[in-house]
Amino acid sequence: MEQYVRGRPHPALAGLVADYGGYRETSSAPVRRRQAPRGGCAMILGLGPPLRLHGPAGPLVPTSFLAGLHESAVVTEFVGEQAGLQVNLTPLGVFTLLGRPTSDLTNLTPELAELDVPALGGLPERLCHDPDWESRFARVDATLLGLLDASRTRPDPEVTWAWGRLVRTSGAVGVADLAAGTGWSRRHLLTRFRSQIGLAPKAAGRVLRFERAAGMLVPTLAERDHGARAHATLADVAAACGYADHSHLDREFRSLAGCTPSEYVAGWG
């Protein structure tokens, strides 16, 4: 049994929160999923048994956690029932709402209680008492709007601009061009960008380019719901995303996803 429900955040959270996703599923056999790096941070608000995670931070069994930007894949595993609400945050959203350097969370998946944010720590339990997904999305909205109102942390306009350029081009902008656009030195850009985004500009661009390539190979959840299949060939993806050739694409998938492109595609079908 599977249930997936999408929610849209309050307009005041634009640029900080991409979307919400509620889910419930049950499986009598172990379910393992490869969560490849992407240009966002996922906060999981567990409404059931914990997930087992295998990744850079080691084997973990959290119920509710925040995943920072990663440079390698994390494998999730469960058997039986799994339910929760996923909040897809931008790196700048993490920086703003938590009021701490996003780099503190890079390649880590701390439990919510470890973040020392009381409003988040007690949120999963409160969500369990809500009658439906609409009510849960509204409660998350209210919690995040409260954090935004209380936060005195805001990203540098230069970092916001540089991150936006990288996102819009899927990483196809060099560090020198970004530095020139901000009027900063490359060293100053690297320091401020890494603190507020979680990765240095070059590493962030690499993840965004990979995310585009992976998206060309595998349909989104919405597309899968309508029976869509990806049609791009590996050669098409390599050329479109700026990889030198098929071998370059293959090396990047092995490094960032822990598998070949073909294995990655096979993993969702």
**Message:** Only one of G121, G99 is surrounded by fewer than 18 Cβ atoms within 10 Å (Cβ to Cβ), free of Cβ contacts under 8 Å to residues at least 60 places away in the same chain and more than 26 Å from V167 (Cβ to Cβ). Can you tell me which?
**Reply:** G121
**Prompt:** With respect to T96, is the statement that it is at pLDDT 95 or above, in the same structural domain as G22 (by TED's automatic domain parsing) and closer than 19 Å to A36 by Cβ true?
**Reply:** no
**Prompt:** Which of the residues belonging to the range 155-166 are surrounded by 14 or more Cβ atoms within 10 Å (Cβ to Cβ) and either more than 20 Å from the chain's Cα centre (by Cα) or hydroxyl-bearing (S, T, Y) (or both)?
**Reply:** D156, E158, T160
**Message:** Out of S135, S72, I need the residue that is among the hydroxyl-bearing types (S, T, Y), part of a helix (DSSP H, G or I) and surrounded by fewer than 14 Cβ atoms within 10 Å (Cβ to Cβ). Which one?
**Reply:** S135
**Asked** Looking at V79, V75, which is the one that is closer than 21 Å to G40 by Cα and either in the same structural domain as I44 (by TED's automatic domain parsing) or of a type in the set (S, T, Y) (or both)?
**Response** V75
**Request:** Collect the residues in the range 11-27 that are touching a residue at least 60 places away in the same chain (Cβ under 8 Å) and either buried (at least 16 other Cβ atoms within 10 Å of the Cβ) or basic (K, R) (or both), keeping them in residue-number order.
**Result:** L13, L16, V17, A18, Y20, G21, G22, Y23
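The values are calculated or read from the model by the stated rules, or taken from the named source; none is laboratory data. What you see is a predicted model; the values in this text were computed from it and never measured. Cβ sites come from the backbone with ideal geometry, for glycine too, and all protein chains shown count toward neighbours.
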